[in-house]
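A.B. asks: Just dropping this structure here.
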Amino acid sequence: MRTTKRWIAAIGATVLSVVAGSAGAADPIKIGEINHYKRMAAFAEPYKKGIELALDEVNGAGGVLDRPLEFIFRDDQGKPGEAVKIAEELMTREGTVMLTGTILSNIGLAISSLAAEKGYVYLASEPLADSLVWEKGNKYTFRLRASTYMQAAMLAEQASKTDAKTFATIAPNYAYGKDAVAAFKKALTALKPDVEFVTEQWPALFKIDAGAEVQAIERAKPDAIYNVTFGGDLAKFVREGTTRGLFEGRDVYGLLTGEPEYIDPLKDEAPEGWTVTGYPWYDFEDGSNKAFVDAYMAEYDERPGIGSLVGYMTVQSIAAAIERAGATDADSLIAGFRGLDVDTPVGKIHFREQDHQATMGAFVGTTTVKDGAGIMVDWVYKDGADYLPSDEEVAKLRPAN
Amino acid sequence: MGLFIAQLLTGLANAAALFLVASGLSLIFGVTRIVNFAHGSFYMLGAFIGYSLMQVLPGAIGFWSSILLAGLAVGAIGVIVELLVLRPVYRAPELFQLVATFGVILVIQDLALMIWGAEDVLGPRAPGLKGIVRIMGEPVPQFDLALIAITPFVLFGLWYLISRTRVGILVRAATQDREMVGALGVNQSWLFTGVFFLGAALAGLGGAIQLPKGGADLLMDFNILASIFVVVVIGGMGSLPGAYIAAVLISVLNVFGVAYIPQSTLVLMFVVMAVVLTVRPYGLLGREEVAGEHGQVGEPEKPIKPAGNLARGLVALLLVLLACLPFVAEPFFTILATDVIVFCLFAASLHFLLGLGGMVSFGHAAYFGGGAYVAALLVNYASAPMELAFLMAPIGAGLLAVIIGWLCLRLSGVYFAMLTLALAQLVWSLVFQWDEFTGGDDGLVDIWPAEYLSDTTAYFYFTMVVGIGGILLLRHMAHTPFGYALRASRDSARQAEATGIHTKRIQWVAFTIAGVFAGLAGALFVFSKGSVFPVELEIAKSFDGLIVVFLGGVKTLSGGVVGAASLTVLQDFITRFEYWRLALGLVIIAVVIVAPRGIVGSIRAIAEQRFSRGEVER
Amino acid sequence: MLEVNAINSHYGKAHILNDLSFRVEAGEVVSLLGRNGAGKTTTVKSIMQLVKPTSGDVLFENQRLNRMSPHQVAKLGIGYVPEERRIFTDLTILENLEVGRQPARDGMAAWNKERLFEIFPNLEERKHNRGKALSGGEQQMLTIARTLMGNPRLLLLDEPSEGIAPVIVEDMAKTILTLKKEGLSVLLSEQNLHFARIVSDRAVIIESGEKKFDGTFEELESNPEIRDAYLSV
Amino acid sequence: MSAVLEVRGLTKSFGGVLAVSNVSFSVAKAEMLALIGPNGAGKTTCFNMLMGQLPATAGDVLLHGEVITGMPPRKVWRRGIGRTFQITATYASMTVVENVQMALLSHHKRLFDVRRFAHRAYYDEAMQLLELVGMQTQSERACAVLAYGDLKRLELAIALAHDPQLLLMDEPTAGMAPKERIGLMQLTADIVEERQISALFTEHDMDVVFSHAHRVMVLNRGELIANGSVEDVRSDAQVQEVYLGGGSLFNEVAEGDHA
């Protein structure tokens, strides 16, 4: 049988080819960073640049624990199974002390589960799934970014202030979309019990049939619309909706719609008057936000995305946690993260002990078009700490460790 | 009433791009018999090129000529692909070319990323057609009406070309017997190239013409793939009017689906396809496939014999060496080896179906993922112990295969393949969207093995025993009466039926066995990763399986395993580079061209030439 | 007109033709005889370049055909009528003929549908029917007519009488004789000795890919050893 | 002599066109019956209906008095009919002997066996059958590389594997050299005689038909136009007109040839 023979030979060849790749100079502290650099390049690239910017600053200031901080970037092809394999490789072969990364929630969840099983510390930087720190939360996993629930609750708060009674929702038909709608409904109903959801639209992710969706929403004649679509789906929805007059005289709430990654491609067709979460990088006048944007633009000569900010804050959080832990073993790192306060461009954030969620907030504002591009005006930064459920609720949601 | 008409018009407008792209795929398949996986990439290129052209060409004239030029440009790219990649492998076994087209997908993905960058682009709106028309009070975009008007002209033009012109007659003749067309003095290579040009151009046109309704992004190649396959199959492979009817049917039903059962998106299309194929197995306007009528069945497999003592000894020795791996290599290699074995078992189960059974399943991931999900669901909901969940996974996958096999086996050839794809997609979309039960895209996590297997090395040995045991069992089966009956049913169903062999039952059982072993691989997978997600049921996963089986050599016993091991190891290595998709795509294309019989098949051919003896594979 | 010079052909690993040489002169009808598996079809396909000879030359009007593709061979004026008929069953008779159409050649009256229908009146009656509706004999006629549309100077007929009713075989013989009168050269691969003798001037007998006899039928008659060894009745 | 096979009013229409029209005949024990007629007359369609490969539009087929119409081919086979095909059908990826072993495995109902190796099963029996048709020296060759005539002989061996009562042979000698034709038909005749089984065959070579058939039937445009002894059929005016032809071109040569 030739099968097995070849197979061994192939393995052997890789062994040889990769054995020659260890040993370093100043003994850096290595962090494993896993992301979908190809599959979601538009989001992962600004994120990576944010990380590199922060790394330069951290290492320029002498590193952490007097050692340089180093990130090892790996592409998981957007496959959770692959991400798990890479995570193992990073931890066992590359000598990384912890893991971070991912945009897609499902991969974040896969790594989180691995982290708990193997005792690796994982900082989920960008994935939004609520379950990451609640239903599926575990001792080893922390999350930086404001979750779906938090951002939806911010929009629900805005929506409750109007006299709109009937709502339509449109969200991609998968876990994130459903979470986002459920969170919005829950938060809004709590604030304003007499609202009615007259239709829920669930286009398939990245396969939206925008004309039909717009017709279906129009048919329900809602006072307001809650949008969770993003990317190409958002573009098509906005264009069809605008053409067919769907948004005329209606309040629209858009989750993540104001983030540069999503709104920039729309150019002058960006929706106007929507209440959205996003990142108004163009509008900071001073302070730490402005400093970050300036530094980023000086370094890369392009605008930062929300991913850039998250990447930057990821490094800040990790550096702070290691410094606070004083060591790089898992237990010390967990102690370092729990209750950690970090100074970031958006202000001080706090890694909660009860659910390992950071209190990074979000910018909420109104969209408009200026100079051929969609921007947010009248925005405010809402602190994430104000939009998290009570401790008792969290305790109920989160399994005991 | 007004709304009803408006919805109908929306459906008709949506059908336009779908029809253009699908008709190109249908045309290419009809003449060249190539299942062009890269067709979605042509569509994507059409959108990007159209977008770039519209940036420089002003006004209405510029807009429309950009669409036409995008079509021509993509047609030219199609010609390049045909000349460089496909022409060298036309003589390879049937369906082998799809591996090459898969390589093309990867290459185009990275090239598009290099040229147009990562950010989505929004297509410009059609000059002069930005507004709406009120039809019975309902707003209908002008551009929708333009699309509705244009499509029938394209359809008529294509129909005229195919049924009334000499070129069309030649194309249809070549669809049936291209060698004969060549022997009658027609340069069939150029006919193929021409058809590829036309097919790719239609895809490019489809990509460009939808720009005013959307834009261009790097995911649109895979996103349209399932839909156009569905359209082509529902319409009947090779039938242009069929593709039009199917595109309209799918699009219109989708519009009403959105309006009345909003949760149905994704699933609806596959349900329609399953229903149509159950009633009309060859699509609405397709005609029955007659096996071997295209004069390119490829040379038959070599007779097989069980391994001799020497070979068995070698295998045993290698297994011992493999068992030493945890002692000599870094822990990561144990993990990689576990992955390799799991994928090899998956590939071996597909090869059992595809190689021995001659049944090309485009949806084999359904059983791999199905098995993984059965185990994960049991652990998640019933807190089943790992042993029980592990046992139930192959059984569950087998049951799924029993059902899908029963539905699909009424068809054969490419229609069989397409129906397996559709039903696998149906399973995928159910898992993806029924998140209350399956966790949807967020998957099921924390599915870890029992305490005594939680160590990486322990799990590696477990995988070795179960995985390699499974592979050897499948291999053993090839040499038993059942394996022979399966090959007999593949080689000549006529003779088999006339000598008392219930071929469909044999194939059904084989389909189930393949499902069981894929499910077993899925079970090994889920406990090694601790989680399972719908991606394990996706088209891409099924394609991975097909690629390795063809790459390894479909007409050799060990092809599946060798292909799987090579690709897994290669991928692990190559994905460390930035433009790994480009590199991997080029490697795949190179292997396809250099080794058209697959890795094992080509090595064997070389060995045979050197030693020039032995009709028997050991 | 046609010169086959010491060609060797392989089919897969099997060595089918072994240093085979023979000629067909202008205006001549030559029968290639031999039992099944002797290499007749491979010879025809090797001339047509559907099978590539591994060595040796095939010359047509002093042009080397080796390395040409089949469509180039056809363009030079060799018409191929395959053994399994291989008509396009989904196309009508008229469309089948259209596939075969090639420009006229110098010095020969070009074939067109009207002329062909004179020779094959059955086909005209059913010209709008699809190929699959035809009987075996009609299909065979259509294959020949389709090839004639290419205005060949040399016709390669591979076992035209195979599986055809005797009454149709008679028609076929008449047709070939008519074509001969038109100035066509014909190479006929046959098993039906009766048929071959009526239509052809000369016989080439092959066995295991080697030539065993080349001469007139009278010579063959006077050489009973050869006849009995390779063809015997 | 009781009929082995009885066919009553067998009819097949394809979309309204009658391919086989009200055909009735019977096959006696140990009889060699030829079915001749022009291509497209319905011979193969007839065979396909007898064996169950095609459903009949009307009519019945009885084997030993039992109605077998509507049964799938594999069941017809189990009841004792073996067939060979006009276009040969063998298992190209197997060796010659394995082709016969396959039929034997089916006969002994061991198809779903996954315990033992197949290449040893019923080997001797298979070799005996190959010897019977003169193929024993080629037993280990891959079927794909066989010459056409050898494939025909192999098909015969396969068809004999389950000791059939009736052999259906669709153009058994097509593609064979004259000498081989005679040999194969003589072999068939011997088997028919020795095993006391029946054979129904179609054939275009009139030499073969006239020298081996006990009885001849002529099918034309789906209808049976003659059924009788070789001499009767040969001299039948209608048969001459639609099938055998006037022989104006051939006869003199053919006669001379036989002389």
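A.B. asks: Of the conditions (1) at the interface with chain B (Cβ under 8 Å from one of its Cβ atoms); (2) farther than 26 Å from A:Glu302 by Cα, A:Arg67 satisfies every one except a single condition; which number is it?
C.D. replies: So A:Arg67 meets the others, but not (1).
A.B. asks: If A:Ala187 passes every condition in (1) in contact (Cβ under 8 Å) with a residue 12 or more places away in the chain; (2) in contact with a Gly (Cβ under 8 Å, 6 or more places away or on another chain); (3) hydrophobic (A, V, I, L, M, F, W, C) but one, which one does it miss?
C.D. replies: So the condition that A:Ala187 fails would be (2).
A.B. asks: Still on this model: Every residue in segment B:211-262 that is of a type outside the set (Gly, Ala, Ser), away from chain A (no Cβ under 13 Å) and assigned to a loop (DSSP other than H, G, I, E, B), please.
C.D. replies: B:Met237
A.B. asks: A follow-up question, please. Taking segment A:92-109 only, how many residues are among the hydrophobic types (A, V, I, L, M, F, W, C) and modelled with pLDDT under 95?
C.D. replies: 4
A.B. asks: Output the number of the condition that B:Leu377 fails; it satisfies all remaining conditions of (1) within 22 Å of B:Gly530 (Cβ to Cβ); (2) in contact with a Lys or Arg (Cβ under 6 Å, 6 or more places away or on another chain).
C.D. replies: Every listed condition holds for B:Leu377 apart from (2).
A.B. asks: A follow-up question, please. I need a count of the residues in segment B:179-212 that are open to solvent by less than 30 Å² (accessible area, probe 1.4 Å) and touching a residue at least 24 places away in the same chain (Cβ under 8 Å).
C.D. replies: Number satisfying all stated conditions: 19.
A.B. asks: Quick check on B:Ala307: is it assigned to a loop (DSSP other than H, G, I, E, B) and either in contact with an Asp or Glu (Cβ under 8 Å, 6 or more places away or on another chain) or of a type in the set (A, V, I, L, M, F, W, C) (or both)?
C.D. replies: Spelling it out, B:Ala307 is indeed assigned to a loop (DSSP other than H, G, I, E, B) and either in contact with an Asp or Glu (Cβ under 8 Å, 6 or more places away or on another chain) or of a type in the set (A, V, I, L, M, F, W, C) (or both).
A.B. asks: Give the residue, chosen from B:Ile169, B:Ile162, B:Ile108, B:Ile115, that is touching a Leu at 6+ places or on another chain (Cβ under 8 Å), within 14 Å of chain A (Cβ to nearest Cβ), in a helix (DSSP H, G or I) and among the hydrophobic types (A, V, I, L, M, F, W, C).
C.D. replies: Only one candidate passes the filter, namely B:Ile108.
A.B. asks: Within segment D:16-65, considering only strands (runs of 3 or more DSSP E) that don't extend past its boundaries, which have at least 1 residues that are more than 14 Å from every other protein chain (Cβ to nearest Cβ) and β-branched (Val, Ile, Thr)?
C.D. replies: Per the criteria, D:17-28, D:58-63.
A.B. asks: For segment C:135-146, does any single residue satisfy the condition of being in a loop (DSSP other than H, G, I, E, B) and over 18 Å from C:Ala26 (Cα atoms)?
C.D. replies: For segment C:135-146, residues in a loop (DSSP other than H, G, I, E, B) and over 18 Å from C:Ala26 (Cα atoms): present.
A.B. asks: Suppose we filter segment B:226-269 for residues that are farther than 23 Å from A:Gln201 by Cβ and either of a type in the set (S, T, N, Q) or touching a strand residue (DSSP E or B) at 6+ places or on another chain (Cβ under 7 Å) (or both); how many remain?
C.D. replies: 1
A.B. asks: Only residues that are modelled with pLDDT under 90 and surrounded by fewer than 16 Cβ atoms within 10 Å (Cβ to Cβ): list them for segment B:429-450, please.
C.D. replies: Selection gives B:Trp434, B:Glu436.
A.B. asks: To continue, here is another question. Can you tell me how many residues within segment D:3-31 are touching a residue at least 40 places away in the same chain (Cβ under 8 Å) and open to solvent by 50 Å² or more (accessible area, probe 1.4 Å)?
C.D. replies: 6
A.B. asks: Kindly establish whether A:Lys118 is at the interface with chain B (Cβ under 10 Å from one of its Cβ atoms), open to solvent by 20 Å² or more (accessible area, probe 1.4 Å) and either among the small types (Gly, Ala, Ser) or more than 15 Å from B:Leu444 (Cα to Cα) (or both).
C.D. replies: yes
A.B. asks: For the condition within 14 Å of chain D (Cβ to nearest Cβ) and either closer than 27 Å to B:Ala173 by Cα or of a type in the set (Asp, Glu) (or both), what is the one hit in C:Arg85, C:Arg35?
C.D. replies: C:Arg85
A.B. asks: Pull out all pairs, ordered by first then second residue, where Cβ-Cβ is under 6 Å, the residues are six or more apart or on different chains, the first lies in segment A:31-56 and is within 12 Å of chain B (Cβ to nearest Cβ), and the second is basic (Lys, Arg) and open to solvent by less than 20 Å² (accessible area, probe 1.4 Å).
C.D. replies: A:Ile34/A:Arg74
A.B. asks: Could you list, ordered by first residue, the pairs with Cβ atoms under 6 Å in which the first is in segment D:45-63 and over 14 Å from D:Arg83 (Cα atoms) and open to solvent by less than 10 Å² (accessible area, probe 1.4 Å) and the second is of a type in the set (A, V, I, L, M) and in a loop (DSSP other than H, G, I, E, B), at least 6 apart or interchain?
C.D. replies: Within 6 Å, the pairs are D:Val61/D:Ile68.
A.B. asks: Return the residues of segment D:138-161 that are at the interface with chain C (Cβ under 8 Å from one of its Cβ atoms) and closer than 16 Å to D:Glu180 by Cα; say none if nothing qualifies.
C.D. replies: D:Ala147, D:Tyr148, D:Gly149, D:Asp150
A.B. asks: Another one. When residues of segment D:157-208 are filtered for being part of a helix (DSSP H, G or I) and assigned by TED's automatic domain parsing to the domain that holds D:Leu224, how many remain?
C.D. replies: Summing the residues that are part of a helix (DSSP H, G or I) and assigned by TED's automatic domain parsing to the domain that holds D:Leu224 in segment D:157-208 gives 21.
A.B. asks: What helices (runs of 4 or more DSSP H) completely inside segment B:411-466 contain at least 1 residues that are free of Cβ contacts under 8 Å to residues at least 60 places away in the same chain and under 21 Å from A:Phe206 (Cα atoms)?
C.D. replies: Answer list for segment B:411-466: B:435-438.
A.B. asks: Kindly establish whether B:Met269 is crowded, with 24+ Cβ neighbours inside 10 Å and in a loop (DSSP other than H, G, I, E, B).
C.D. replies: Considered against the rule, which asks whether it is crowded, with 24+ Cβ neighbours inside 10 Å and in a loop (DSSP other than H, G, I, E, B), B:Met269 comes out as no.
A.B. asks: Now, a different point. Just the residues that are modelled with pLDDT of 90 or more and assigned to a loop (DSSP other than H, G, I, E, B), please, taken from segment C:67-81.
C.D. replies: Within segment C:67-81, C:Met68, C:Ser69, C:Gly77 qualify.
A.B. asks: Would you call A:Glu353 in a loop (DSSP other than H, G, I, E, B), of a type in the set (D, E, K, R) and at negative phi?
C.D. replies: Answer is yes for this residue.
A.B. asks: Next question. Within segment B:487-517, track down each residue that is basic (Lys, Arg) and facing another protein chain (nearest Cβ under 7 Å).
C.D. replies: B:Arg487, B:Arg494
A.B. asks: Moving to a separate point now. List pairs: first in segment D:214-225 and open to solvent by less than 50 Å² (accessible area, probe 1.4 Å), second polar (S, T, N, Q), Cβ under 6 Å, 6+ apart or cross-chain?
C.D. replies: Close Cβ pairs satisfying both conditions: D:Met217/D:Asn227; D:Gly222/D:Ser21; D:Ile225/D:Gln238.
A.B. asks: Still on this structure, please answer the following. Tell me, which strands (runs of 3 or more DSSP E) lie completely within segment A:233-345 with 3 or more residues that are surrounded by 18 or more Cβ atoms within 10 Å (Cβ to Cβ) and in contact (Cβ under 8 Å) with a residue 60 or more places away in the chain?
C.D. replies: Output list reads A:251-258, A:275-278.
A.B. asks: Go through (1) modelled with pLDDT under 95; (2) more than 12 Å from every other protein chain (Cβ to nearest Cβ) one by one and return the number of the condition A:Leu132 breaks.
C.D. replies: (2)
The values are calculated or read from the model by the stated rules, or taken from the named source; none is laboratory data. Keep in mind it's a predicted model, so treat the numbers as computed, not measured. Methodologically, a virtual Cβ is constructed for each residue, glycine included, from the backbone with ideal geometry; neighbour enumeration extends over all protein chains shown. Note: areas computed on protein heavy atoms with side chains; ligands, DNA, RNA excluded. Shrake-Rupley method; radii C 1.70, N 1.55, O 1.52, S 1.80 Å.
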